[in-house]
Amino acid sequence: MARIIVLGGGVCGLASGMLLTRDGHEVTVLERDAAPVPESVEEAFETWARDGVVQFRLAHILLPAGRAILEERLPDVFEAFLSAGAARLDLLGLMPPNLAEGGARPGDERFVTYTARRPVIEQVLGKAAACEPGLEVRRGTVVRELTMRVGNGAPHVTGVRLDSGETLNADLVVDAMGRGSQLPRWLSDANIGPLHEESEDSGFIYYGRYFRSADGTTPQPFGPLLAPMGTFSILTLPSDNGTWAVTIVASSGDQVLKRMRHPELWTAVIEACPLHAHWLEGEPIGDLESMGGVLDRYRRPVVEGRPLLTGIALLGDAWACTNPSLGRGISLGLLHTQCLREVVSSHLDDPVQFAEAWDAATEAQLTPWYRETVEEDRDRLHEIDALRNGLEPAPPSERSAVLRGALNTALLHDPDLFRAYLASRAVLTPLGETFAQDGVAERALELADANERVAFPGPSREDLLALLS
Ligand SMILES: Cc1cc2nc3c(=O)[nH]c(=O)nc-3n(C[C@H](O)[C@H](O)[C@H](O)COP(=O)(O)OP(=O)(O)OC[C@H]3O[C@@H](n4cnc5c(N)ncnc54)[C@H](O)[C@@H]3O)c2cc1C
């Protein structure tokens with residue numbers, strides 16, 4: 001049994017805390033935000049003070065991969081999630097009727113998820129974690145720095161020092177402090193590093209709002225959840241208890257579109273999109289929330305093949321975070337949590353082996369998702385930039401981008417390709433793996449050649465500027 005301290009009580013911190021406790025470890029989760037977990041999900045959405053998670057009230061979806069981990073590994077939490085009103089969403093329901101005629105296939109259930117607003121996901125996990133025998137969750141606890149042992153090899157993290165001055169010792173410290181993790185600063189203060197970091201503004205800005213129906217139903221999607229509409233995208237996410245989120249994703253460099261922070265202009269833009277306007281037919285709950293400055297950031301505490309330090313694992317957003325329009329963060333974080341359990345169970349006795357195994361598992365299972373998400377975002381941003389300037393977007397040169405573009409057209413003409421696309425959207429199989437299979441890339445290219453790319457009806461750039469003037 002090991003003594004493990006998890007820094008941060010967000011989704012990954014709480015899930016890993018519960019799973020590692022169930023594996024027999026002595027775990028403490030330290031969360032900076034002091035507010036206790038609210039009793040009800042509505043209270044969580046309306047009033048829970050979670051300053052540590054800026055995106056707390058913005059659109060969130062739990063994708064099928066995340067749902068599967070929750071269902072298999074924390075079945076009691078999953079049951080509580082369903083009781084809290086999580087909504088069933090079958091991504092195959094987005095398949096065009098001509099393809100759906102082929103009927104269901106074995107394995108199609110992998111595309112089903114249950115999803116809810118972020119405060120609901122966290123309220124359910126937070127309540128479960130508070131009742132987990134043996135797990136200590138300390139809220140209102142600010143971690144100031146790591147404590148270290150420095151010898152001949154890499155420095156070894158021995159625990160943490162709190163703002164109160166108290167020191168806590170551990171065999172392993174897990175950094176689950178999210179996008180705002182201060183780990184690089186702590187390391188620099190201790191003259192360690194720098195760790196490998198790739199970081200840039202993703203270039204996207206979000207304007208979103210939740211709605212609720214009077215009868216507990218959610219609107220029917222007429223297209224993908226994330227629809228490109230020329231120089232912006234619309235993200236529509238069904239959610240728990242008859243709620244749903246409508247979000248406009250724009251380029252943060254597009255100054256005129258920033259006027260969408262005004263609710264009446266935001267509404268006018270959605271109303272101008274015939275396949276999306278019906279998502280406004282509900283009672284708005286909460287304000288129109290916006291978030292910019294969203295980083296794509298990847299950290300790796302291994303430099304030239306050697307761990308920079310031992311005794312610490314970077315988890316979830318503290319390891320890597322991206323522009324979130326594909327809604328992958330929580331599902332990837334839960335996948336990462338799964339890896340953590342496995343590496344802890346086999347390597348915790350040897351800190352260097354642990355650091356190497358954690359790095360290898362992260363690189364093999366998580367990094368491909370990070371890279372694909374960033375690549376896809378970059379393509380979309382280039383497309384938006386060209387359209388803003390009245391240009392035809394340049395055809396992609398990278399093969400992965402060519403194939404991704406082809407799939408976006410081909411998926412509407414082939415049920416296998418539609419499933420391949422969903423497997424990527426659901427965080428089940430990265431596209432790189434799918435295209436490596438015999439014949440898949442060729443089939444996508446052939447169908448893309450033979451068919452037009454579908455455009456979703458909405459305002460032209462000129463109309464958009466007029467709406468926002
Ligand atoms: C606009 C937006 C929309 C998103 N939509 C989706 C979506 O639809 N689906 C999806 O899966 N993901 C989505 N994400 C991503 C998702 O929110 C994150 O991936 C997820 O929250 C990561 O969980 P985490 O536990 O790693 O970090 P977080 O949830 O950020 O939790 C980190 C915790 O650490 C605490 N903390 C920080 N510093 C300290 C400290 N010094 N001491 C103690 N505690 C500390 C914070 O208070 C916080 O509670 C979205 C993100 C954004 C920005």
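Once the chain from T47 to A35 is taken as fully extended at 0.36 nm per residue, the excess over their C-alpha distance is 3.3 nm. Each peptide in 456-465, 226-235, 349-358 receives the mean, over its residues, of other Cβ atoms within 10 Å, and ordering these scores from highest gives 226-235, 349-358, 456-465.
Applied to the stretch 271-277, the Karplus parametrisation 6.51 cos²θ - 1.76 cosθ + 1.60 on θ = phi - 60° returns per-residue 3J(HN,Hα) values of 4, 7, 10, x, 7, 10, 4 Hz, with x for Gly and Pro.
State whether the stretch 93-133 is rounded, prolate or oblate according to the following rule on the C-alpha gyration tensor (a ≥ b ≥ c being the square roots of its eigenvalues): a/c under 1.5 gives rounded; otherwise a/b larger than b/c gives prolate, and the remaining case gives oblate. It is oblate, given that a/c is not under 1.5 and a/b is not larger than b/c.
Bridge orientation summary for the chain: considering DSSP beta bridges with both residues in this region, about 75 percent are antiparallel. With 0.36 nm allotted per residue and the present C-alpha distance subtracted, the E442-A130 stretch has 107.2 nm of extension available. With K and R counted +1 and D and E -1, the other residues having a Cβ less than 12 Å from that of L315 yield a net charge of 0. Could you work out the local net charge near M1, counting Lys and Arg as +1, Asp and Glu as -1, over the other residues with Cβ closer than 15 Å to its Cβ? Spelling it out: positives minus negatives among the neighbours equals -2. Taking a spot 7 Å from the Cα of A360 along the direction of its beta carbon, which residues of the stretch 279-318 have an amide N less than 15 Å from it? Backbone N within reach: 305-307.
Taken over the alpha carbons of the stretch 102-167 as equal point scatterers, the Debye sum produces base-10 log I(q)/I(0) values at 0.12, 0.22, 0.24 Å⁻¹ of -0.65, -1.00, -1.04. Each peptide in 11-23, 419-431, 377-389, 198-210 receives the mean, over its residues, of other Cβ atoms within 10 Å, and ordering these scores from highest gives 11-23, 419-431, 198-210, 377-389.
Computed from the Cα positions only, the extents of the stretch 311-452 along the three principal axes stand at 57, 36, 23 Å, in decreasing order. 3J(HN,Hα) couplings calculated from phi for the stretch 322-338 with the Karplus curve 6.51 cos²θ - 1.76 cosθ + 1.60 (θ = phi - 60°) are, in sequence order, 9, 3, x, 5, 8, x, 9, x, 5, 5, 5, x, 5, 4, 5, 4, 4 Hz; Gly and Pro show x.
Each principal axis of the Cα cloud of the stretch 412-469 was evaluated for its coordinate range; sorted largest first, these ranges are 50, 28, 17 Å. Taking every DSSP helix (H) stretch of at least 4 residues in the chain, weighting each as -39,500 (n - 2.57) and dividing the sum by the residue count yields a mean residue ellipticity at 222 nm of -11000 deg cm²/dmol.
Over all projection directions, the Cα-based convex hull of the chain averages an area of 22.7 nm². What you get for the chain, charging only the Cβ of Lys and Arg (+1) and of Asp and Glu (-1), is a dipole of about 620 debye around the Cα centre.
Counting only Cα atoms, the stretch 11-104 measures 52, 35, 22 Å along its principal axes, largest extent leading.
So, counting K/R as plus one and D/E as minus one, what does the shell of residues with Cβ under 14 Å around L326 add up to? With Lys, Arg at +1 and Asp, Glu at -1, the net is 0.
Segment L467..A455, full-extension length gain: 2.3 nm, with 0.36 nm per residue of separation and the alpha-carbon distance subtracted.
Hydrodynamic estimate: the Kirkwood radius of the stretch 5-57 over Cα pairs, inserted into Stokes-Einstein at 25 °C and 0.890 mPa s, corresponds to D of 203 µm²/s.
Any read-out appearing in this document is the output of simple, stated calculations on the displayed coordinates, not a laboratory observation. Just so we're clear, the structure is a prediction, and the values are computed from it rather than from any experiment. Every residue, glycine among them, receives a Cβ derived from its backbone with ideal geometry; neighbour counts consider all protein chains shown.
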